[in-house]
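These notes concern the structure reproduced below.
The values are calculated or read from the model by the stated rules, or taken from the named source; none is laboratory data. Model, not experiment: these values are computed from the prediction. Note that we place each Cβ from the backbone using ideal geometry, even for glycine, and neighbour counts take in every protein chain shown.
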């Protein structure tokens, strides 16, 4: 799982034209996940694995894509056994480590975009807090940092009342991948001199839309290049937010803890990154009458 070649076969299959890309990723991720689950079960002290892990992952992907469908899962396997291995993946962070290994294998670009999205919670008093704009509703906030190639480099889940700037700071601290010397484009929610200084201390150049004062006047302006990149590349993160929200298990937080919900978010980020990533093409010269075209 830590080697670069472990994802090559999956990336080659996604770039093909047969089948839906999402389910192609599921098909080629299964052997890697089964191997990792067996390693975690050995570390946990399991004497033997008596269930079919391929069938377990099918049930887990059903839960991930369709939301909470415990009736359908209970017809396929015992819920006690299902949550036993689901908690095993949660404790050892299988999807989070797989995502970090994938980002390490492909590297990080020099330009990125960041944004956050709020998700309502089904359980009101379970590690949530009120929305900033919607009173009386609790939820969590998903912070994302992606590149201009639509690959998600870092993610984090916090309570909905947390501001975008401290949420971004904690996301960068928890990320083990190298995010140095990267230009990050963001909206006006990330604007601030102190916050920009803290980002520069972490070798991150935060470029945000300048805020206006009460009189509607901006104290600073973006350069021509930064304004062009903001207008051209920043909508990518909005497209990624819509992809993450398209999974029914992530449209509403139905888990009791944020940590379990983060496990589902990490799987969505891994699948989205694999589908969005495109290998750099090799430059080849076509020869016609011994003359390069």
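Quick check on this structure: which one of 271, 217 is outside the structural domain of residue 63 (by TED's automatic domain parsing) and in contact (Cβ under 8 Å) with a residue 12 or more places away in the chain?
Details: 217 fails: in contact (Cβ under 8 Å) with a residue 12 or more places away in the chain.
The conditions single out 271.
Please pick out the residue among 250, 179, 222 that is in contact (Cβ under 8 Å) with a residue 40 or more places away in the chain, assigned to a loop (DSSP other than H, G, I, E, B) and assigned by TED's automatic domain parsing to the domain that holds residue 139.
Working: 250 fails: assigned to a loop (DSSP other than H, G, I, E, B); 222 fails: in contact (Cβ under 8 Å) with a residue 40 or more places away in the chain.
Checking each option against the conditions leaves just 179.
For the range 225-247, which positions are in contact (Cβ under 8 Å) with a residue 60 or more places away in the chain and touching a helix residue (DSSP H, G or I) at 6+ places or on another chain (Cβ under 7 Å)? If you could, list the steps in order and put the result at the bottom.
We begin by selecting, within the range 225-247, every residue in contact (Cβ under 8 Å) with a residue 60 or more places away in the chain; these are 229, 233-234, 236-241, 244-245, 247.
If the condition is that a residue be in contact (Cβ under 8 Å) with a residue 60 or more places away in the chain and touching a helix residue (DSSP H, G or I) at 6+ places or on another chain (Cβ under 7 Å), then 240, 244, 245, 247 are the ones that fit.
Can you say whether residue 161 is touching a residue at least 40 places away in the same chain (Cβ under 8 Å) and touching a strand residue (DSSP E or B) at 6+ places or on another chain (Cβ under 7 Å), as far as the supplied structure shows?
Values: touching a residue at least 40 places away in the same chain (Cβ under 8 Å): no; touching a strand residue (DSSP E or B) at 6+ places or on another chain (Cβ under 7 Å): yes.
Judged against the criteria, residue 161 is not a match.
Does residue 46 count as over 21 Å from the mean Cα position of the chain (by Cα) and over 26 Å from residue 120 (Cα atoms)?
Details: over 21 Å from the mean Cα position of the chain (by Cα): yes; over 26 Å from residue 120 (Cα atoms): yes.
Taking the combined requirement at face value, the residue satisfies it.
Checking the conditions here, which among 51, 68, 73 is closer than 28 Å to residue 253 by Cβ, assigned to a loop (DSSP other than H, G, I, E, B) and modelled with pLDDT under 80? Even if it seems obvious, please write down each step before you answer.
Numbers: 51 fails: modelled with pLDDT under 80; 73 fails: assigned to a loop (DSSP other than H, G, I, E, B).
Only one candidate qualifies: 68.
This table checks each residue for (1) over 30 Å from residue 149 (Cβ atoms); (2) modelled with pLDDT of 85 or more; (3) over 20 Å from the mean Cα position of the chain (by Cα).
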position	(1), (2), (3)
7	no, no, no
11	no, no, no
35	no, yes, yes
91	yes, yes, no
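Looking at 147, 192 in this structure, which one is surrounded by fewer than 19 Cβ atoms within 10 Å (Cβ to Cβ) and touching a residue at least 24 places away in the same chain (Cβ under 8 Å)?
Working: 147 fails: surrounded by fewer than 19 Cβ atoms within 10 Å (Cβ to Cβ).
When all the criteria are applied, what remains is 192.
Take the conditions loosely packed, with under 13 Cβ neighbours inside 10 Å and either at pLDDT 50 or above or not in a helix (DSSP H, G or I) (or both) and apply them to residue 22. Does it pass? Talk me through it step by step, then tell me what you get.
Details: loosely packed, with under 13 Cβ neighbours inside 10 Å: no; either at pLDDT 50 or above or not in a helix (DSSP H, G or I) (or both): yes.
Spelling it out, it is not the case that residue 22 is loosely packed, with under 13 Cβ neighbours inside 10 Å and either at pLDDT 50 or above or not in a helix (DSSP H, G or I) (or both).
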